[in-house]
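Chemist: So that we are looking at the same thing, I have put the structure below in structure tokens.
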Amino acid sequence: MLEQVLNDAERSALGAADAVNSLLDALRAHLKEVTSNTVAHVELERDASKQLQGAAMEAANRGMRFINACMRMNEEMQQLPQLTAQVKELGRKVDEFESQLNRLVPR
């Protein structure tokens, strides 16, 4: 009878060990899957970060070029009043020339 109880206990222990081994194998498989997914996500995030950084740098460079163009245009626009004055002076001189020409050469 003792031998029967020991055999039953041994079979139960073997069954429990098999169940634990089966659970551990399933856990290993799931951990492997999770780890590979995590690595893929980290790689994806790294690649996205690189692309975002490149796009941000390109946007910053374009912004700087735009700002520089605006500054150059502002400098050129500051010369506009002087140019306007020169054009007005030239117009007065042309009017004066025309007036003198009309006095000298009758029509």
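Chemist: Could you tell me what percent of the accessible area of the range 55-99 is made up of carbon and sulfur, with a 1.4 Å probe and every protein chain present?
Modeler: The nonpolar share, carbon plus sulfur, comes to 63 percent.
Chemist: How many nm is it between the label spots at Ala16 and Met1, if each spot is 7 Å from the Cα in line with the beta carbon?
Modeler: Distance between label points: 2.3 nm.
Chemist: Kindly report the accessible area of the chain per residue (heavy atoms of protein chains, probe 1.4 Å, no ligands, DNA or RNA), in Å².
Modeler: 94 Å²
Chemist: Just one of (1) 121; (2) 103; (3) 132 is volume of the Cα convex hull per residue in Å³ calculated from these coordinates, so which is it?
Modeler: Given (1) 121; (2) 103; (3) 132, the structure-derived one carries the label (1).
The values are calculated or read from the model by the stated rules, or taken from the named source; none is laboratory data. Since we're looking at a predicted model, the values are computed, not measured. Note that each Cβ is placed from the backbone with ideal geometry, even for glycine, and that neighbours are counted across all protein chains shown. Quick note on the areas: whole protein, heavy atoms, side chains included, nothing else; ligands and nucleic acids left out. Shrake-Rupley method; radii C 1.70, N 1.55, O 1.52, S 1.80 Å.
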